[in-house]
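Visitor: Take this structure, written in structure tokens, and hold onto it; I'll ask about it next.
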Amino acid sequence: MKNNDQLILAIETSCDETAASIIRNGNEIVSNVVASQIDSHKRFGGVVPEIASRHHVEQVTIVLQETLEQANMTMDDIDAVAVTEGPGLVGALLIGVNAAKALAFAHNKPLIGVHHIAGHIYANRLEKEMTFPLLSLVVSGGHTELVLMKEHGKFEVIGETRDDAAGEAYDKVARVLNLPYPGGPHIDRLAHEGTPSYNLPRAWLEEGSYDFSFSGLKSAVINTVHNATQKGEEIVPENLAASFQASVVDVLVTKTIRATKEYNVKQVLLAGGVAANKGLRAALVSAFSEIPEVELVIPPLSLCTDNAAMIGAAASVLFDHDKYADMALNAYPGLDLEDQSV
């Protein structure tokens with residue numbers, strides 16, 4: 001174990017945010033800088049990998065410099081450099097990985113590769129200390145998973161999406177409703193203005209399964225819109241958004257509650273970009289109010305979307321276990337979460 005005065009400089013470039021952060025002792029944000037690219041990708045209706053990579057090249061040194069300046073520190077103060085190694089867009093990941101390798105090499109600092117989803121889970125530690133065993137519901141653009149943790153740095157995926165992740169489904173439904181990218185916040189806003197009057201499916205899968213499937217739901221929304229168009233009927237976007245969100249939230253919350261009871265966990269964490277969804281947050285708070293013995297932890301909105309503070313928080317555990325990378329560290333777009341276990 002290292003001493004308590006641990007400072008990790010973390011870099012995150014897995015998709016369309018260039019981010020850097022300095023984390024003290026795994027649970028305190030010293031500085032945190034995020035440069036978003038949403039405006040560049042909005043006109044394309046989604047993230048364009050090549051454009052994302054070019055923006056990372058332009059922004060990464062600026063963001064790193066601002067992060068050190070915010071903390072009033074130099075690289076001499078830093079104990080290790082951490083970076084997202086996967087999953088994500090390979091070109092985007094490579095920018096962060098190479099920046100981290102250059103810093104670690106130039107300043108003779110340990111290098112730590114971090115799994116992006118481990119980061120989303122550990123974002124919660126920046127708000128509340130983790131209590132084991134715990135369950136994390138990870139809901140993002142590319143991932144929908146239930147992850148069981150019995151101790152720090154040990155991940156067991158007990159359920160995952162078989163097709164579209166929840167965030168993907170949100171973006172695709174938003175496009176059908178002619179809403180701008182990213183679609184999730186717009187669907188969430190519309191859903192609060194409507195009522196769930198459309199009969200949309202819920203994919204429960206096999207009995208006892210903790211896996212998810214949102215492809216059928218997405219198709220049902222598309223078919224509903226197409227059928228109404230062919231019949232000359234008017235779709236009420238607010239009600240369709242409310243119906244879609246009700247289906248997604250119902251499945252996510254029901255499976256989370258069932259897993260919470262089956263695995264007898266003490267704490268449940270919400271993680272990932274879709275954790276910012278107001279409908280999901282409210283439904284979880286309501287459901288867990290009936291299970292007071294289990295603590296529900298929901299990160300603030302600033303720690304739901306991609307950021308480097310979460311990467312630093314996850315890296316702290318790897319640092320404590322001397323789990324370092326070497327200069328052969330590469331970008332791994334298909335990296336498995338369980339492979340990150342210490």
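Visitor: Classify the stretch 94-144: rounded, prolate or oblate, from the alpha-carbon gyration tensor (a ≥ b ≥ c, eigenvalue square roots; a/c under 1.5 rounded; otherwise prolate if a/b is larger than b/c)?
Guide: Since a/c reaches 1.5 but b/c is at least a/b, the shape of the stretch 94-144 is classed as oblate.
Visitor: Same structure again: Pairs K42/K172; K218/K261; K128/K323; K128/K266; K150/K266; K154/K278: which are spaced more than 18 Å apart, C-alpha to C-alpha?
Guide: In this structure, K218/K261; K128/K323; K154/K278 exceed 18 Å between Cα atoms.
Visitor: Please give the residues of the stretch 269-284, grouped as numeric ranges, whose backbone N is less than 13 Å from a label point set 7 Å along the Cα-to-Cβ vector of K128.
Guide: 269-271, 284
Visitor: Let me ask something else about it. Assuming a ≥ b ≥ c are the square roots of the Cα gyration tensor eigenvalues, decide whether the stretch 189-257 counts as rounded (a/c under 1.5), prolate (otherwise, with a/b larger than b/c) or oblate.
Guide: oblate
Visitor: If I model the stretch 120-252 as equal point scatterers sitting on the Cα atoms and use the Debye formula, what is log10 I(q)/I(0) at q = 0.11, 0.15, 0.16, 0.19 Å⁻¹?
Guide: Per q value, in the given order, log10 I(q)/I(0) is -0.45, -0.76, -0.83, -1.05.
Visitor: DSSP beta bridges in the chain, what fraction antiparallel, as a percent rounded to 5?
Guide: The antiparallel proportion sits near 60 percent.
Visitor: Also, I was wondering about something else. What nm value, rounded to one decimal, do you get for the distance between N108 and S219 when each label is placed 7 Å out toward the C-beta?
Guide: 6.0 nm
Visitor: In the P(r) worked out for the stretch 76-197, what percent of Cα pairs fall beyond 21 Å?
Guide: 57 percent
Visitor: Additional query: How much space per residue, in cubic angstrom, does the convex hull of the C-alpha atoms of the stretch 1-82 take up?
Guide: Details: hull volume 8.0 nm³, N = 82.
Hull volume normalised by residue count: 97 Å³.
Visitor: How much accessible area per residue does the stretch 53-110 have, counting only protein heavy atoms and a probe of 1.4 Å, in square angstrom?
Guide: Values: 2750 Å² over 58 residues.
That works out to 47 Å² for each residue.
Visitor: Which value, in Å to one decimal place, does the Kirkwood hydrodynamic radius take for the chain when every pair of different Cα atoms is included?
Guide: 20.5 Å
Visitor: Let me ask another. Within the chain, what is the longest stretch that has no GluC sites (Glu not before Pro) placed in a DSSP loop and near at most 12 other beta-carbon atoms within 10 Å? Intermediate results must be reported in sequence, preceding the final value.
Guide: Numbers: sites that count: E129, E151, E193, E206, E207, E233, E234, E290, E293.
Looking at the chain, 1-128 is the longest stretch - no exposed GluC sites (Glu not before Pro) with at most 12 other Cβ atoms within 10 Å.
Visitor: Sticking with this structure for a sec: Can you give the angle from 0 to 90° between the axis of helix 90-107 and the longest principal axis of the chain, with both taken from C-alpha atoms, to the nearest 10?
Guide: Computed tilt is about 20 degrees.
Visitor: Ignoring ligands, DNA and RNA, what percent of the 1.4 Å accessible area of the chain is carbon and sulfur?
Guide: Carbon and sulfur together cover 49 percent of it.
Visitor: With axes computed from alpha carbons, what is the tilt in degrees of helix 309-320 against the longest principal axis of the chain, rounded to the nearest 10 within 0 to 90?
Guide: In the chain, helix 309-320 runs at an angle near 50 degrees to the longest axis.
The values are calculated or read from the model by the stated rules, or taken from the named source; none is laboratory data. The shown structure was predicted, so the numbers you read here are calculated from the model rather than taken from an experiment. Backbone-built Cβ (ideal geometry, glycine too); neighbour counts: all protein chains shown. We work out accessible area using only protein heavy atoms, side chains counted, and drop any ligands, DNA or RNA first. Shrake-Rupley method; radii C 1.70, N 1.55, O 1.52, S 1.80 Å.
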